[in-house]
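Okay, structure first, notes after.
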Amino acid sequence: QVQLVESGGGLVQPGGSLRLSCVASETIFSGFAMGWYRQAPGKQRELVVAITSGGSTNYADSTKGRFTISRDNAKKMVDLQMNRLKPEDTAVYYCNRNPPWDKYWGQGTQVTVSS
């Protein structure tokens, strides 16, 4: 069974922080690059940051210096630490392989940055 479960979203003021977590099943996680994606209302889903199975990372320009991705291969988890959040970071955040396995998406977790 393929499973992706995201959590940790919420409402935060501009400049605040959130930490998102994703628990994945073996099939979709082990040995693959993983990524965090986001989809804002009316926009296409975009890749925020990716991490290879060995830990190399690739950040979207809009998140460099503010977001940090990490993964725990033993626990099959991928975390996203988001600092200095901006209103434009508001979106539903998803994790998946990179490139994504489009057949399988989790429910996502809503991040809202607003004062």
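The values are calculated or read from the model by the stated rules, or taken from the named source; none is laboratory data. Note that this is a predicted model, so its numbers are computed, not measured. Don't worry about glycine lacking a Cβ; one is built from the backbone with ideal geometry, like all the others, and counts go over all protein chains shown. What goes into the accessible areas is simple: the full protein's heavy atoms, side chains included, and nothing from ligands, DNA or RNA. Shrake-Rupley method; radii C 1.70, N 1.55, O 1.52, S 1.80 Å.
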**Complete:** Filtering the range 52-69 down to residues that are of a type in the set (S, T, N, Q) and open to solvent by 40 Å² or more (accessible area, probe 1.4 Å) yields 52, 53, 56, 57, 58, 62, 68
**Complete:** Reported set for the range 78-98 where residues are over 13 Å from the mean Cα position of the chain (by Cα) and under 22 Å from residue 42 (Cα atoms) is 85, 86, 87, 88
**Request:** List the number of the failed condition for residue 15; all other conditions in (1) on the phi < 0 side of the Ramachandran plot; (2) open to solvent by 20 Å² or more (accessible area, probe 1.4 Å) hold.
**Result:** (1)
**Criterion: closer than 26 Å to residue 115 by Cβ and acidic (Asp, Glu) - qualifying residue of 72, 89, 102** = 89
**Fill in**
Out of (1) open to solvent by less than 60 Å² (accessible area, probe 1.4 Å); (2) at positive phi, the one residue 84 does not meet is (1)
**Message:** Return the residues of the range 6-56 that are among the acidic types (Asp, Glu), out of contact with any Ser or Thr (no Cβ under 6 Å at 6 or more places or on another chain) and under 18 Å from residue 108 (Cα atoms); say none if nothing qualifies.
**Reply:** 46
**Asked** In the range 34-51, which residues are small (Gly, Ala, Ser) and buried (at least 18 other Cβ atoms within 10 Å of the Cβ)?
**Response** 35, 50
